[in-house]
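Undergrad: For reference, the structure I am asking about is given below.
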Amino acid sequence: MTVVAQEGRTRMLVERLAETRIGETFNQYRSPLLRERLRVYLDARRDAPLVLVGEAAGYRGARVSGIPFTSERQLSGQGPAEATATIVHRVLAELGLEEDVLLWNVVPTHPGTLTSNRRPTRAEVLGGLPFLEEVARGRTAIPVGRVARGVLGGPYVRHPAHGGAAAFRTGLVLSCAGRASGRAGRATSTAAGPSR
C-alpha cells in the first residue's frame, strides 16, 4: 500500500472515531486539534510492529492530549501531567522502543468525568473493538492491564499505575523480546538491571 493510501486510511479511521458514540464515554476526537494530533501520531507510527493496548483514555491523558498513554504536558509542556503516561514513555525510551510501539486503548474515548476515570462497561469495550482491530492489524498486540487482557487474551503487562512501574517495565521487556526492529535484544539485556 502506498504512503498516500495509508494516510487516507488513517484519516478515515480518525474521522470515523470522531463521529462514533461509544456508550457514555466522552469523545475527545470531536475536537479538530485532537483529531489532527491522533492522525499525525498514527501516520508516524504506521510501521510500528507492536501495539501496547491499555484500558481506556484517561482524564489526564488521552482525553486532553488525544494520544493514548500521553499527557498534554508531554506534548506541549503545559496542562496536566499523568503518572501512567510518564512511566510508559520513560520505559519505552529506556528500552529504545519508542519508534517500535504504537499506543492505543481498548476504549479509545474517555469513560469518566473531567476529574476521574471509571472502568468501561462491556458495551463500551465492544464499541471500541472495531477501532482496536483496525489499529492492531498486522502488529503484535500487547495488553496492558486486565481489561486489555480480557479482550486480547494471553499474557499481559501489568498496568504501571498504583505502584506497578517496575512490573510494567519487566513485563514489557519480556513481551517485546525478539519482536521489535532488533532492539529487543538490548531491551532484554537490561531486564535484570535496576528499575528506574
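The values are calculated or read from the model by the stated rules, or taken from the named source; none is laboratory data. This structure is a prediction, so every number in the text was calculated from the model and none was measured. Don't worry about glycine lacking a Cβ; one is built from the backbone with ideal geometry, like all the others, and counts go over all protein chains shown.
Undergrad: Being touching a Gly at 6+ places or on another chain (Cβ under 7 Å) and acidic (D, E) is the requirement here; does E19 meet it?
TA: no
Undergrad: What tally of residues in the stretch 78-95 results from selecting those that are surrounded by fewer than 16 Cβ atoms within 10 Å (Cβ to Cβ) and modelled with pLDDT of 95 or more?
TA: 2
Undergrad: Among the numbered conditions (1) touching a Pro at 6+ places or on another chain (Cβ under 6 Å); (2) over 16 Å from V157 (Cβ atoms); (3) among the β-branched types (V, I, T), tell me where T109 comes up short.
TA: Against the list (1) touching a Pro at 6+ places or on another chain (Cβ under 6 Å); (2) over 16 Å from V157 (Cβ atoms); (3) among the β-branched types (V, I, T), T109 comes up short only on (1).
Undergrad: Can I ask one more? Is it true that some residue in the stretch 121-144 is at pLDDT 95 or above, in a loop (DSSP other than H, G, I, E, B) and touching a strand residue (DSSP E or B) at 6+ places or on another chain (Cβ under 8 Å)?
TA: yes
Undergrad: Conditions: (1) at pLDDT below 95; (2) crowded, with 18+ Cβ neighbours inside 10 Å. G8 meets all but one. Number of the miss?
TA: (2)
Undergrad: Looking at (1) in contact with a Leu (Cβ under 8 Å, 6 or more places away or on another chain); (2) under 15 Å from P68 (Cβ atoms); (3) in a helix (DSSP H, G or I); (4) β-branched (V, I, T), which is the one condition that is false for V106?
TA: Here V106 clears every test but (3).
Undergrad: Looking for whichever is out of contact with any strand residue (DSSP E or B) (no Cβ under 7 Å at 6 or more places or on another chain), of a type in the set (D, E, K, R) and within 20 Å of A18 (Cα to Cα) here; the options are E72, E99, E82, E94. Which one fits?
TA: From the options E72, E99, E82, E94, the qualifying one is E72.
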